[in-house]
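Worksheet: one structure, shown below.
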Amino acid sequence: MLLSQREKRAGSEVKTGIQLRCPKCSRSIGDLPNGHTALTCSRCNMNMPCRRGVWQALLPEREAHFARFVEDYQRVRASEGRGSTSDDYYLALPYRDLSGRNSWQWAIRARTFRYIERKILPGIITLARPSHRILDLGAGNGWMSYRLAKQGHSPIAVDLMTNDQDGLEAAEHYKQSLPSLFPRFRAELDNLPFADGQFDLVIFNASFHYSENYEKTMSEALRCTRRNGSVIIADTPWYGNEQSGRRMLEERRASFVTRYGFPSDGLSSLEYLTDQRLAHMESWLGVHWRVHEPYYGIRWQMRPWMAKLRRKREPSRFRIYVAKAIQ
């Protein structure tokens, strides 16, 4: 099982109740210690250190797989002016972008989160259990985990990025406003370091489209979800047909080559959803999607019509997809 080095020395450790499993051999059991230490699997000796508050659960061979994607992604995000040295910047997200550099995107994130908060969570949360364990996949700087923690929930933030501007280390800015900071893990979507059936809710936070295999990624999320828990996919682009999605990728790659000198294709990410892709997941995984369409404003609503008038390709749309875990 996974044992903390501090446990071995002191024989006691405050527990979080979060059951871990080894990302290398899948050996289960062992609580996440409420402190910064290291975990070692007693079966395969896989070491899971905690660096600057972030648990490192990404296998070395997978780190190599993601290396170019991580490098390209961080270069692009830095050029977009992501992050700040100010606590106020992070504490205002997603409702205000105090930098003013990415306000349009944060406005989308804010409307999505409000919709989840007001229209979806009330159907999941019960009076008997007002506090829920929530897995925030693609957490970035941790803004959603922070908002959920402020509401009394117990979130865990997961991402590949760990930098202190736009990645998991940036969550240190929330410390002043929380009784304790939520756990953070560097891990991939297809190999999460958690035992089965622990989370009431799993949210793909503008991250599902980075998957290289939607069925595998969704299956892993469902594995971590309690029976009758839910999985939400939010802020992943949707297109009415594959042709529109492929054209978007061609245009984006050409734009990235012009702006940054590389096409941003370090991963074979699937990048978007269609009804056909969603139906395939339903059939493969035995789930049923409930589809929600938040209102993002009149300009966003008019985009498809304006594209038709200008004879341009169909623009992406954002919808929210909710699936119930029935394992």
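Residues in the chain average 47 Å² of solvent-accessible surface per residue, probe 1.4 Å, ligands and nucleic acids excluded. Scanning residues 5 or more positions from Trp55 or on other chains, those with amide H under 5 Å from its amide H are Arg184, Phe185, Arg186, with H placed 1.01 Å from N in the peptide plane. Farthest toward the positive end of the dipole of the chain, out of Pro315, Leu285, Ser26, is the Cα of Pro315, where the dipole comes from beta carbon charges about the Cα centre. Computed in the context of the full set of protein chains, the accessible area of the stretch 216-267 at 1.4 Å probe radius has 44% of its extent on carbon or sulfur. Relative to the Cα centre, the charge distribution of the stretch 108-240, modelled as +1 at Lys and Arg Cβ and -1 at Asp and Glu Cβ, gives a dipole magnitude of about 720 debye. Which of rounded, prolate or oblate describes the stretch 240-306 when judged by the alpha-carbon gyration tensor and an a/c cut-off of 1.5? Cα axes put the stretch 240-306 in the oblate bin.
Applying a 4.7 Å cutoff between beta carbons, the unpaired cysteines of the chain are Cys50, Cys224. Checked against a 22 Å cut-off, the cross-linked pairs Lys119/Lys324; Lys150/Lys175; Lys119/Lys150; Lys24/Lys216; Lys150/Lys324 give Cα-Cα distances beyond that limit for Lys150/Lys324.
For the chain, a simple Cβ point-charge model (Lys and Arg +1, Asp and Glu -1, everything else neutral) yields a dipole of about 660 debye relative to the Cα centre.
In the chain, the DSSP-assigned H stretches of four residues or longer account for a calculated mean residue ellipticity at 222 nm of -10000 deg cm²/dmol, using -39500 (n - 2.57) per stretch and the full residue count as denominator. Between the alpha-carbon centres of the stretch 67-105 and the stretch 145-170 there is a gap of 14 Å.
The values are calculated or read from the model by the stated rules, or taken from the named source; none is laboratory data. Just so you know, these numbers come straight off a predicted model, no measurement behind them. Here Cβ is always computed from backbone atoms with ideal geometry, including for glycine, and neighbour counts include all displayed protein chains. All accessible areas refer to the heavy atoms of the entire protein, side chains included, with ligands and DNA or RNA removed. Shrake-Rupley method; radii C 1.70, N 1.55, O 1.52, S 1.80 Å.
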